[in-house]
Each structure stands twice: as structure tokens, then as C-alpha cells.
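Below: one structure, written as C-alpha cells.
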Amino acid sequence: MSTQQIVIVGAGILGLTTAQTISEKLNELGFKHEITIIAQYGPHNLEMNDSLTTYNEYVSPWAGAHFRPFPITTKEQKEEMKMTRQTLKYFKYLSENYKECSIKFIKGVEFIENPNEYYQDYAKYGYSEGLENFEKLETKPGILGFQYDTWVLNPTLYLQYIYFKLLLEFKIKFISKKLNSLSEINSIIQGNPIIINCSGNGLKYNGGVDPDSFPIRGQTLLLNPGPNYKSDKTVTIQLKDGSWVFTIPRPYNGGVILGGTKQINDTSLEVRDEDTKYLEKLGSIYFPELQKINAETNKPYFDIIRINVALRPGRKGGLNNSIEKFNDNKQFVINNYGAGGMGYELSYGSSLKTFENLLSILKIDNKSKL
Ligand SMILES: Cc1cc2nc3c(=O)[nH]c(=O)nc-3n(C[C@H](O)[C@H](O)[C@H](O)COP(=O)(O)OP(=O)(O)OC[C@H]3O[C@@H](n4cnc5c(N)ncnc54)[C@H](O)[C@@H]3O)c2cc1C
């Protein structure tokens, strides 16, 4: 049996998780393969990690990151919901067995000021499906409140954790390179590789990106919280006007995220003062315990460690998990991009789907192992 070449484009959370799942499962099957990750940015690019500068096509280190369910209203969302629940179970396993991955389970608390019919009828729309210790909370009239077990993680630590596993345990090769098209891979890796496209915004075979992709800008504040803050839960408040304010305590003293903005088709990677002021204003109303007191003026203030700005890879129709054929149908591309604001939440589930797609191309029937 010859060695199957597999090239994964992208070293964000989707590319790294996919590499790990595929590697583990092909090894279990004894299937001879070699995986190469080609990515312009990622944890293999240490210079970039040191500076923590933001980049147009690399969002993973700047995520929250936590899991927050929502009611399902479309077929695509149902698929993604399944993936989030597969990831939830997998993260539970990681948190119990590999503390160094930074994943921690805590309470997730949500308040919805103006709940629509889907939140009102939450069980019917899959919101509570697969959640442990789910409870409806007593709140003020007109406001819905829920709590459930959720996970939080430190994105930089988790990315590094997978990266070193891939490098040392699975012997995966990394190449730092900006590609202008997926077809360019054939001049780098010989042997008609199967290409797995985890490029976030969907780099195309012949250049350009998926026209259905669009950026969703997010700005959050990473805070060193005041002494009265308790880091035992995430809290999300959906305000009457449809906007959000949320807090995510980062495990192992990684600070607290106060977020966040969701600005569709906004491509600015600059920190915006008006966004910072907006977040500070909401924070002072809903989470005053996050503030410290200035010893000289006796006034409360937010001790900001860092301001995060990044572009979530949105896509009309959601995550793309399709299989495409090129080069007279001889070359396969398996897509796994367009995760929007859910890349971590669905990371493991979407890697299982990608593995299933890979098996169908390799004509291996392995349903029982999935
Ligand atoms: C403020 C904020 C908060 C968030 N909070 C959460 C949260 O709480 N939970 C959650 O699940 N998600 C959250 N997200 C979303 C999450 O960050 C993304 O869904 C996820 O990181 C997307 O991962 P990805 O691997 O698809 O893309 P990316 O991390 O962007 O990685 C893309 C990879 O492809 C490479 N690439 C792209 N084009 C090329 C090319 N032409 N040549 C070579 N390489 C290329 C890049 O270099 C990179 O390695 C948040 C995002 C933001 C901005």
C-alpha cells in the first residue's frame, strides 16, 4: 500500500483539530498516510505568537472562548448543533484527563431580556439538548434565565497544546506559506494529495475565496478583574436591543474576557476606542465587580490587560463540509471552513465529519469506529 498524502490548509482551531482526529483514527486503522499542514499563520509561527498581533486570515487566538448554545431554526444549524455537542463530550474528556489543555468546566449562565418564541420554547428548538445540569432560573418578569454546565478555555494555550501533540506525537509537518490557490499545493507536495480546506474563509482551488464568506468583526477586553469578581461561571446577557454583553473567566488565572461586538462585514483590525468605551459602559452596569478601585481617586476602573480584535469567518449557509473534485476529477478537496463564531464549539464534531468524508473518498467503511 502506498502512502496517502494529505494536506491540511490552515493551522487555526479547525485545521489543528482536524489533523489530530484524522491522524489518530487513520493510525488506529493502520492506514499509511502523511499529513502536512500548510498555513500562513499558526502556532508553528512562533514569532507571530510572541507579538499577538492580529491578522486578517487568522482568528483562533483571539476567541473568547466558551460554549453557549442557542435555539435551532435551520437544517444547517442542526448539523452544527450536533457537532457542538460532540465537542462538548470530547472537551469533558480532555478536561478530566489532560489538564494542560486548559479546558475547564464551569457554570454557563444566560439572561435573555426580550426572548423570542424559540427561546420561550427552548426544549423544542434543541437549546437544552445534550447539556448537563440544565436549569431554568427564576428571574424578573419578562426575562428568561438559564444555567448549564459549559466549558471555558485559554485559546493560546489550547492551540499550543494541540500543536505540540501534532508535532511530537503524530510527526505532522508544518509549512509556513501563504497560498494563492489550493492547486498551488501540487507544486509543494507530490503524489496528488487529498486537500482538506480549513482556511477559515474558504480559499478556492483556482484562487480567490468563497464568495459566501464574510467577516464578522469582534472586539473584546481581556481584564485583570477586581477582588470581588468570582470566576466560577460565564455570564451572557442578551439585551433588549438584540446586542450582548458577556464575561468569560479564563482558566488558570488567564484574566476575564468582557465582550463583545459583532460587526458584520467590518474588516478593521484596529482597536476602536468607541467599542472599548461601549464595552466599559456595559461592563460597569452589568458587571461592576470586574472593576478595581483607583487608590488615588477612589474611582472604579477596568484594569485592561489587552484589547482583542479579530474577524470571525462567517459564511452564508454556515460551515462548509462539502467534498469537491478537481483536475479531471482526480483531486479531492474536503472543505471544513466557515465556522463563524463557533470554531471552538464545533471543532471536534466538524473534524469527525471531515474524517467521515475522508473515509468515503478512501472507500473505507469504518462507521463503527466513529
Ligand atoms: C471576539 C471573538 C470571540 C470569539 N469567541 C468564541 C467562542 O467563545 N467560542 C467559539 O467557539 N468561537 C469563538 N470565536 C470564533 C472562533 O475564533 C472562530 O470560529 C475560529 O477561530 C475559526 O477557526 P478556523 O480554524 O476556521 O480559522 P482561523 O483561526 O482563522 O485559521 C485559518 C487558518 O488558515 C490559514 N490560511 C487562510 N488563508 C490562507 C492562505 N491563502 N494561505 C495559507 N494559509 C491560509 C491561516 O493562516 C490560519 O492558519 C470568537 C471570535 C472572536 C473574534
Consider Ser284 carefully, then state whether it is of a type in the set (S, T, N, Q) and out of contact with any Asp or Glu (no Cβ under 9 Å at 6 or more places or on another chain).
yes
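Here's the yes/no breakdown for (1) over 30 Å from Glu324 (Cβ atoms); (2) in a loop (DSSP other than H, G, I, E, B); (3) within 16 Å of the ligand (Cβ to nearest atom):
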residue: Gly142; (1), (2), (3): yes, yes, no
residue: Gln147; (1), (2), (3): yes, no, no
residue: Ile162; (1), (2), (3): no, no, yes
residue: Leu167; (1), (2), (3): no, no, yes
residue: Ser181; (1), (2), (3): no, yes, yes
residue: Gly200; (1), (2), (3): no, yes, yes
residue: Asn206; (1), (2), (3): no, yes, yes
residue: Leu222; (1), (2), (3): yes, no, yes
residue: Val245; (1), (2), (3): yes, no, yes
Here the residues within the stretch 314-335 that are in contact with a helix residue (DSSP H, G or I) (Cβ under 7 Å, 6 or more places away or on another chain) and of a type in the set (D, E, K, R) are none
Considering only the stretch 326-343, I want to know if a residue exists there that is farther than 30 Å from Gln86 by Cα and among the hydrophobic types (A, V, I, L, M, F, W, C).
yes
Collect the residues in the stretch 255-313 that are of a type in the set (Gly, Ala, Ser) and touching a helix residue (DSSP H, G or I) at 6+ places or on another chain (Cβ under 9 Å), keeping them in residue-number order.
Gly259, Gly260, Gly283, Ser284, Ala310
Kindly provide the set of residues from the stretch 188-209 that are under 19 Å from the mean Cα position of the chain (by Cα) and not β-branched (Val, Ile, Thr), ordered by number.
Asn197, Cys198, Ser199, Gly200, Asn201, Gly202, Leu203
Among the residues of the stretch 145-164, is any without any contact (Cβ under 8 Å) to a residue 40 or more places away in the chain and either charged (D, E, K, R) or within 29 Å of Glu270 (Cβ to Cβ) (or both)?
no
Does Ile307 satisfy the condition of being within 16 Å of the ligand (Cβ to nearest atom) and touching a Ser or Thr at 6+ places or on another chain (Cβ under 7 Å)?
yes
Of the residues Ile185, Ile195, Ile216, Ile189, which is under 21 Å from Ala339 (Cβ atoms), modelled with pLDDT of 95 or more and either assigned to a helix (DSSP H, G or I) or more than 9 Å from the ligand (Cβ to nearest atom) (or both)?
Ile195
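Every residue, every condition in (1) surrounded by fewer than 13 Cβ atoms within 10 Å (Cβ to Cβ); (2) in contact with a Ser or Thr (Cβ under 8 Å, 6 or more places away or on another chain); (3) aromatic (Phe, Trp, Tyr), yes or no:
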position: Thr139; (1), (2), (3): no, no, no
position: Leu144; (1), (2), (3): no, no, no
position: Lys173; (1), (2), (3): no, yes, no
position: Ser187; (1), (2), (3): yes, no, no
position: Gly202; (1), (2), (3): no, yes, no
If the requirement is being free of Cβ contacts under 8 Å to residues at least 60 places away in the same chain, closer than 30 Å to Val209 by Cα and out of contact with any strand residue (DSSP E or B) (no Cβ under 9 Å at 6 or more places or on another chain), which of these qualifies: Asn329, Asn265?
Asn329
So Gly242 passes all but one of these: (1) closer than 21 Å to Phe146 by Cα; (2) within 20 Å of the chain's Cα centre (by Cα); (3) among the small types (Gly, Ala, Ser). Which condition number does it fail?
(2)
Condition first: over 16 Å from Ser128 (Cα atoms) and part of a loop (DSSP other than H, G, I, E, B). Now tell me which residues in the stretch 56-73 satisfy that.
Asn56, Glu57, Val59, Ala63, Gly64, Ala65
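The values are calculated or read from the model by the stated rules, or taken from the named source; none is laboratory data. Bear in mind the structure is a predicted one, so any value in this text is a computation, not a measurement. Heads up, the Cβs are rebuilt from the backbone with ideal geometry, glycines too, and the neighbour counts pull from every protein chain shown.
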